[in-house]
Amino acid sequence: MMQMTDDARVVVYLMTGFLESGKTNFLRQTLGKKYFKIDGETVLILCEEGEEEYEPELLVWANTDVVTVEDPEVLTKDFLQEIEDTYHPERVIFECNGMYPVSKMEALEAPEGWGLIQEITTVDASTFDLYIANMKSLFVEMVRNADMVVFNRCTEDMPLAAYRRSVKVVNQGAEIIFEGKDGEIEDIFSDQMPYDLDAPVVKIEDMDYGIWYVDMLDHPEKYKGKTVEVQGRARKVKGFPRDEFVLGRSAMTCCADDITFLGFICKSKEAGKLGADTWIRARGKVGFELKMAYRGRGPVITLESVERIPALADELVYFN
């Protein structure tokens, strides 16, 4: 299995996305950048042949050899060792069609010293709704461990905020980029918040939980010091201090068997009195602290009130 590492002898990039999602164009641009050029050899392993091709002049400039694989089943340790022995690469890039399970690519047994350092997924925004409606499970697998998700062919009239939520519910840590014809599109949440951030108490309605959850992760500076009121389930987590628990909601990522709990750490003297999965309405001030659960800094809501409530009729959060 290729392990994520920062000190590999041969660095490996995994590029995924559905057919014609912009993978080749993204890689062509990246290979042409000076910051991406290295002295050693790069091997680009194509697990599909799309309409776009790599110009010979670019490949020479980037010290890159292309190896085309017609059947991904040939990607074995022996095959990769042959790549190692033939090209002695410093870097290997896999360009893969999303129809081939990403989990199989991540599980490839690679030669000693090879290390996966980045997974990138490209998405054609103009066909995203079609794919998410018909191939949601494949999309979820592609983005679950991605470090970066690039939506290209975007226009400002598209529901880009909803597209971001579709990724964040699966992978909180992914960097998400929206590219239009004039470059990157930013501030996709402008004027789209369904609650008043300037109110003395920012009240999060049940239907808006997903929007709030993603925006808290993406724009923590907007919420620091704000008092929020939200409903959800309280969960005690093993190893947490006595006065801490997680307040959140469940979200369906791709099917009824794939449910993810999305929540934030709360502090309250009432924590020890809450039973397993107690539904509550909580109000408190948002701060940010280093927490193991976040693997870094993350939201911590210090509660001033906790009120038990009946379970919601529909407890799931939806992101599309």
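The values are calculated or read from the model by the stated rules, or taken from the named source; none is laboratory data. Given the structure is predicted, the values throughout are model-derived calculations rather than measurements. Here the Cβ is made from the backbone with ideal geometry for all residues, glycine too, and neighbour counts use every protein chain on show. Side chains included, ligands, DNA and RNA excluded: accessible areas come from the protein's heavy atoms. Shrake-Rupley method; radii C 1.70, N 1.55, O 1.52, S 1.80 Å.
A few remarks follow.
- Scanning segment 291-320 for residues that are open to solvent by less than 50 Å² (accessible area, probe 1.4 Å) and modelled with pLDDT under 85 yields Leu316, Val317, Phe319.
- All strands (runs of 3 or more DSSP E) inside segment 1-99 with 3 or more residues being modelled with pLDDT of 90 or more and under 28 Å from the mean Cα position of the chain (by Cα): 10-17, 42-46, 91-97
- When every residue of segment 226-239 is checked against the conditions, none turns out to be out of contact with any strand residue (DSSP E or B) (no Cβ under 8 Å at 6 or more places or on another chain) and within 18 Å of Gly284 (Cα to Cα).
- Among the residues examined, Arg233 qualifies as touching an Asp or Glu at 6+ places or on another chain (Cβ under 7 Å), surrounded by 21 or more Cβ atoms within 10 Å (Cβ to Cβ) and either at pLDDT below 90 or in a strand (DSSP E or B) (or both).
- Tabulated pairs, segment 245-258, first within 19 Å of Trp212 (Cα to Cα), second modelled with pLDDT under 70 and aromatic (Phe, Trp, Tyr), C-beta under 8 angstrom, 6+ apart or interchain: Ala251/Tyr318; Ala251/Phe319; Met252/Tyr318
- Matching residues in segment 271-288 - criterion: being at pLDDT below 90 and touching a strand residue (DSSP E or B) at 6+ places or on another chain (Cβ under 8 Å): Leu274, Ala276, Asp277
- Flag if Pro111 is closer than 30 Å to Val43 by Cα and either loosely packed, with under 15 Cβ neighbours inside 10 Å or in contact (Cβ under 8 Å) with a residue 12 or more places away in the chain (or both): yes
- Hits in segment 240-270 - residues which are at pLDDT below 85, in a loop (DSSP other than H, G, I, E, B) and of a type outside the set (D, E, K, R): Thr253, Cys254, Cys255, Ala256
- Filtered by the rule that a residue be under 22 Å from Glu179 (Cβ atoms) and more than 15 Å from the chain's Cα centre (by Cα), segment 116-131 gives Asp124, Ala125, Ser126, Thr127, Phe128, Asp129, Leu130, Tyr131.
- Flag for Gly173 being more than 12 Å from Thr16 (Cα to Cα) and open to solvent by less than 10 Å² (accessible area, probe 1.4 Å): no
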